[in-house]
1. Helix 158-179 sits at what angle to the longest principal axis of the chain, using alpha carbons and giving 0 to 90 degrees rounded to 10?
2. Leaving out ligands, DNA and RNA, what percent of the accessible area of region 92-190 is carbon and sulfur, probe 1.4 Å?
3. Restricting to DSSP loop positions (anything but H, G, I, E, B) with no more than 14 other Cβ atoms inside 10 Å of their own Cβ, which GluC sites (Glu not before Pro) remain in region 74-124?
4. Given contacts defined as C-alpha pairs under 8 Å and at least six residues apart, what's the relative contact order of the chain, whole-number percent?
5. Using +1 on the beta carbon of Lys and Arg, -1 on that of Asp and Glu, and nothing else charged, what's the dipole of the chain about the Cα centre, debye to 20?
6. If the elastic network links every pair of Cα atoms under 10 Å, which of T81, T45, T187 fluctuates the most in the Gaussian network model of the chain?
7. Within 10 Å of each candidate Cβ there may be at most 14 other Cβ atoms; applying that plus a DSSP loop requirement, which GluC sites (Glu not before Pro) in region 145-210 survive?
8. Which cross-chain or sequence-distant (5 or more) residues have an amide H under 5 Å from the amide H of N65, H modelled 1.01 Å from N in plane?
Amino acid sequence: MADRRSRSISSRKQPQQARSSGLVAAILDAAVQVLAKEGAQRFTTARVAERAGVSVGSLYQYFPNKAAILFRLQSDEWRRTSELLRGILADAAKPPPARLRALVHAFIRSECEEAAIRVALSDAAPLYRDAPEAQDARAAGEGIVAAFMREALPKASDATRILAGELIAATLSEVGKSFSEETRSETEIAAYADAMADMFCAYLATLARR
C-alpha cells in the first residue's frame, strides 16, 4: 500500500530546462492560490491548470494527480521547516536558550503568515502521510532537535532528552497551529512567542538542574 501510494504521488519527471522549470513554478504557485481559496476538498488539477494558464495535459507531464501536487507543496514545506530548524538550532555561536527563543519566534511567525496553506495541507495529509518521503522528513526534523537537546542538556539521560524534544516539538506545532487560526497583530505574535519561549527555557533549565 505504502509503495503504491508513494509512486502515485511522485512527480512524473523533473524539469531539465529553464522553460520547464518556469512551468512547474507556475503550476505550484497556482496550486498554492487554489489551495488557499478552495481548501483541500475542492482542490483539483483542473482548477490548478486554469489558474496557471496551462492545459491539464501540460500539468500531467509533471504531476500525475492532485495528490502529487499537494505532496510537492508539503515536501517544500517540510524542507523549509528543516532549514529553519537547522539554521537556528545548529547556530553554535549562541547559547541553547537563545537559539530556542529565536526558533519559537520564527516558527510562530511562520505559522501565522502561512496559516491558510498549512491548514489546507493538514486536511490533505491522508493522501501522503504514510509515504517514505514523509517518514524521511519527520526523521530529519527529529534528528535536528535531538542534536540540539544533546547540547542543551549535556548531563541528562537519553530518555530525558528525547522526552523534552518531543514535548517541545509537539507543543510548538499544536499550539502554533491553534494560535494561527485567527489573524494576529505583530504585538500579539511577539508576546505569544515570548511567553512560549519563557516556558520552554524554564523547562530546560529545570531539567538541567536535576
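The values are calculated or read from the model by the stated rules, or taken from the named source; none is laboratory data. All of these numbers come straight from a predicted model, not from anything done at the bench. No Cβ is skipped: glycine too gets one built from the backbone with ideal geometry, and neighbour counts run over all protein chains shown. For the accessible areas, the whole protein counts, side chains as well, though only heavy atoms, and no ligand, DNA or RNA atoms are used. Shrake-Rupley method; radii C 1.70, N 1.55, O 1.52, S 1.80 Å.
1. That works out to roughly 60 degrees.
2. Working: 2980 of 5370 Å².
Whole-percent figure for carbon plus sulfur exposure: 55.
3. On the way: sites: E77, E83, E111, E113, E114; in loops: E114.
Those that pass, being in a loop and sparsely packed, number zero.
4. Numbers: 184 pairs, mean separation 53.4, N = 210.
So the answer I get is 25 percent.
5. It comes to approximately 620 debye.
6. T187
7. On the way: sites: E151, E166, E174, E181, E182, E186, E188; in loops: E181, E182.
Here the GluC sites (Glu not before Pro) that fit, given the DSSP loop and packing criteria, are E181, E182.
8. Distant-sequence amide H within range of N65: zero hits.
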